[in-house]
1. Can you give me the number of residues within the stretch 46-93 that are in contact with a Phe, Trp or Tyr (Cβ under 7 Å, 6 or more places away or on another chain) and under 15 Å from residue 182 (Cβ atoms)?
2. All but one of (1) open to solvent by 30 Å² or more (accessible area, probe 1.4 Å); (2) over 19 Å from residue 217 (Cα atoms); (3) part of a loop (DSSP other than H, G, I, E, B); (4) touching a strand residue (DSSP E or B) at 6+ places or on another chain (Cβ under 9 Å) hold for residue 71; which doesn't?
3. For the condition closer than 19 Å to residue 18 by Cα, of a type in the set (S, T, N, Q) and open to solvent by 50 Å² or more (accessible area, probe 1.4 Å), what is the one hit in 57, 51?
4. Among (1) under 30 Å from residue 146 (Cβ atoms); (2) part of a helix (DSSP H, G or I); (3) over 16 Å from the mean Cα position of the chain (by Cα); (4) of a type outside the set (Ser, Thr, Tyr), where does residue 17 come up short?
5. Which of the residues spanning the stretch 191-233 are more than 20 Å from the chain's Cα centre (by Cα) and either within 17 Å of residue 9 (Cβ to Cβ) or among the aliphatic types (A, V, I, L, M) (or both)?
6. So, in the stretch 163-190, of the ones that are of a type in the set (S, T, N, Q) and buried (at least 18 other Cβ atoms within 10 Å of the Cβ), which residue ends up farthest from the chain's Cα centre (by Cα)?
7. Here is a check on your reading of the model: is residue 36 assigned to a loop (DSSP other than H, G, I, E, B), open to solvent by less than 60 Å² (accessible area, probe 1.4 Å) and modelled with pLDDT of 95 or more?
Amino acid sequence: MPTELQIAEHRKAQQAAKLAMVYLTGAISADDTEQSIARKAHEFLCDAGYQETWYYQCPALVLLGSRSCVSISGRDYQASTETVGSSNLITIDLSPARSEYWGDYARSLVVEDGKVIEQPKQLEFKNGLHFLQQLHQQMLRLVKPSTTFDQLFEWANVRIRESGFVNLDYRGNVGHSIAASRDHRQFIEARNCARLGDVPFFSFEPFVRLKGGRWGFKHEDIFFFNQDGQLQSL
């Protein structure tokens, strides 16, 4: 179980990422690109006191348009100059850090009529966002401290397949532990028998596409178990 200090400091980093996402929701226009959105995100995080990132040198990994379904490591990521336009899906994955305290927060934002909107009209947009919201809610009710990384991996991938979606992650996983060092992360992947309750924090971040669909959706938060063994979101 994490200490009160760890919870407080990780929560501050996560809150900075959440506020950055709120800011971006209102700041993105049809003329923006992955490059300009990533720059806006980084500038906001720096102003909030988070100049560092734990994810290589990639504080904001932004994918849109033709790259909506691309799964790529921050080690290799280069933001593109493709514009948002009038209709698009923009996935933004933010990784602020201060010392050993991390944030890790991702959302897919829908653009219709050149603006980011909360309630999309297009059915594929509606279905993708709704599925990931439901998957997170179900995960919160299901997972216990004794649940293994492997069990969460298998459960999530069965739900993804049964719901008509495809896992797009290039490693096949659906999240990872939050560690003091990037190289010490444990992944929510097959054959990892470590218990989720044995790590202080973990992220859950399925990245999915509807079978035959065009768009790739991601929704990520950080979780921990409280003193009563209940799963909480930062």
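1. Number of matching residues: 5.
2. Single failed check for residue 71: (2).
3. Numbers: 57 fails: closer than 19 Å to residue 18 by Cα.
Residue meeting the stated conditions: 51.
4. (3)
5. Residues satisfying the conditions are 194, 226.
6. First, the residues of the stretch 163-190 that are of a type in the set (S, T, N, Q): 163, 167, 173, 177, 181, 186.
Those left that are additionally buried (at least 18 other Cβ atoms within 10 Å of the Cβ): 167, 173, 177, 186.
Values: 167: 14, 173: 12, 177: 13, 186: 16 Å.
Out of the qualifying residues, it is 186.
7. no
The values are calculated or read from the model by the stated rules, or taken from the named source; none is laboratory data. Predicted model only: the values in this text are computed from it and were never measured. As a convention, Cβ positions derive from the backbone with ideal geometry for all residues, glycine included, and neighbour counts pool all protein chains shown. Just the protein is used for accessible areas: all its heavy atoms, side chains included, with ligands, DNA and RNA removed. Shrake-Rupley method; radii C 1.70, N 1.55, O 1.52, S 1.80 Å.
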